[in-house]
1. Has the stretch 240-262 got at least one residue that is within 16 Å of ligand 2 (Cβ to nearest atom) and either of a type in the set (Gly, Ala, Ser) or farther than 30 Å from Ser117 by Cβ (or both)?
2. Could you list, in sequence order, all residues of the stretch 190-200 that are part of a loop (DSSP other than H, G, I, E, B) and crowded, with 24+ Cβ neighbours inside 10 Å?
3. Condition (residue is in a strand (DSSP E or B), in contact with a strand residue (DSSP E or B) (Cβ under 6 Å, 6 or more places away or on another chain), away from ligand 2 (no atom under 16 Å from the Cβ) and of a type in the set (A, V, I, L, M)) applied to the stretch 86-98: is it met by at least one residue?
4. Which residues, taken from the stretch 71-85, are of a type in the set (Lys, Arg) and either in contact (Cβ under 8 Å) with a residue 12 or more places away in the chain or within 11 Å of ligand 1 (Cβ to nearest atom) (or both)?
5. Filter the stretch 10-41 down to residues that are of a type in the set (A, V, I, L, M) and within 15 Å of ligand 2 (Cβ to nearest atom) and give me whichever is nearest to Arg99 (Cα to Cα).
6. Are there any helices (runs of 4 or more DSSP H) wholly within the stretch 107-181 with 1 or more residues that are within 13 Å of ligand 1 (Cβ to nearest atom) and either over 13 Å from Glu205 (Cα atoms) or touching a Pro at 6+ places or on another chain (Cβ under 9 Å) (or both), and if so which?
7. Only residues that are over 20 Å from the mean Cα position of the chain (by Cα) and either free of Cβ contacts under 8 Å to residues at least 40 places away in the same chain or crowded, with 19+ Cβ neighbours inside 10 Å (or both): list them for the stretch 5-22, please.
Amino acid sequence: MQKKLLTIILPTFNESGNVLPILEEIDTSLKNVNYDYEILFVDDSDDETPQVIENSKKKYPKVRLLHREKKDRTGLATAFVAAFKKAKGEYILCMDSDRQHPPQKIDEMLQKIIKNSYDIVIASRYIKGGSAEGLGSAYRIFVSRVITRWSAWLLLWPTMKSSDPGSGMFIVRKQLVDDLSFSRLYGFKILIDILTRVPKARVGECPIVFRKRVDDESKATLKQGLKFYKHIWSLFVEYRLYIVAKKLLFFIVILIIALLFFIFI
Ligand SMILES: Nc1nc2c(ncn2[C@@H]2O[C@H](COP(=O)(O)OP(=O)(O)OP(=O)(O)O)[C@@H](O)[C@H]2O)c(=O)[nH]1
Ligand SMILES: [Mg+2]
C-alpha cells in the first residue's frame, strides 16, 4: 500500500450539491503544500452523491470513494471506522462534507499535530478565535455549547481535555485508531469515542469558525439528540462505571473501618 502523509475523510449522506464545492475548497487550501494527501469519501447516500463523487475523480485524482451497501449503513460513527481502515495516510483528518468546517485550517492542524507530537488535534469552536455562530439558532448553540459539552464532560472525564469534544473536525494519528477495536459503536460523535477510549491521548486544539450550512437545511433531529445520550451512556457504562464503582467501594470500606474504630476504641 502506497503511504500518504494525510488522509482527509469526508462522510456524505445525500450531499450531492456539496461534493464539488468542498473539493474545490480543499484543493485551493492545499495547493502549495509539499506533501501527498488523499481524500476519502465514505458515503451512505441514497441519492446521486456517489455518482457525483465518481465523476469528480477526473478533475480531482486524489479522491477515493467508499460507498457502503444499505445493510452496512449503521450511522456516522461506523462510517468513520470503515474509512479509518481504508485510509493510507499517516494522519487522518475528519471533517463534514457540508462545508460547515473550514478546509483552510487543515494544514495548520496537520502542522500542529506533527510539531507538538500530539495524538489528536481538535478544531474547536469554543476557544479564543473560534465561533459556533454557524450552528444557526440560539437553541442549537445552547445545546451544543452547554448541554452536549457538559454531559460529555460529566460522564466521560477524558473528554475534558477538549473544549469541544463534540467537534466533527479533528486530526488523529492513524496508528492510534488502528489500535482501537471500537466495540459497540452507537453514536455519530466519533471524537468522544476516541477521547474516552484513549484517556492518555495527547490533545491539542485549533480555533475554527463553524460556518452556516449552505443550503440552510439542518438534518439535526431530536432523535439524533437521544442517540447522543444513548452513546455517552453506553461509553460511561463500558469505560467509567467500573472505575466509579471501585472508588465507591474503597470509600465504603474506609467508612466501615472508621465506624468500627469509633465504636470499639
Ligand atoms: N457516511 C455518512 N455520512 C453521514 C451520515 N450522517 C451524516 N453524515 C455526514 O456527516 C456530516 C455531518 O452531518 P450533518 O448532518 O451535517 O450534522 P450536523 O452538522 O450536526 O447537522 P446539520 O448540518 O445542522 O444538519 C455531513 O457531511 C453529512 O453528510 C451517515 O449516516 N453516514
Ligand atoms: Mg452539518
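1. No: zero hits.
2. Looking only at the stretch 190-200, we keep the residues that are part of a loop (DSSP other than H, G, I, E, B), and these are 198-200.
Answer for the stretch 190-200, where residues must be part of a loop (DSSP other than H, G, I, E, B) and crowded, with 24+ Cβ neighbours inside 10 Å: there is none.
3. Residues of the stretch 86-98 that are in a strand (DSSP E or B), as a first pass: 89-94.
The next check asks that each one be in contact with a strand residue (DSSP E or B) (Cβ under 6 Å, 6 or more places away or on another chain); those that pass are 89-94.
This time we only want the ones that are away from ligand 2 (no atom under 16 Å from the Cβ), so: 89-93.
Then keep just the ones that are of a type in the set (A, V, I, L, M); that gives 92-93.
Scanning the stretch 86-98, I find at least one residue that is in a strand (DSSP E or B), in contact with a strand residue (DSSP E or B) (Cβ under 6 Å, 6 or more places away or on another chain), away from ligand 2 (no atom under 16 Å from the Cβ) and of a type in the set (A, V, I, L, M), so the answer is yes.
4. Listed by number, the list holds a single entry, Arg73.
5. Once the filter is applied, the top-ranked residue is Ile22.
6. Values: elements: 138-142, 149-155, 174-178.
Hits in the stretch 107-181: 138-142.
7. First, the residues of the stretch 5-22 that are over 20 Å from the mean Cα position of the chain (by Cα): 16-17, 20-21.
The answer is Ser16, Leu20.
Rule-based calculations on the coordinates, nothing more; no lab input. Quick caveat, the model's predicted, so the values are computed rather than measured. Neighbour counts are summed over all protein chains in view; Cβ atoms, including those assigned to glycine, are modelled from backbone coordinates with ideal geometry.
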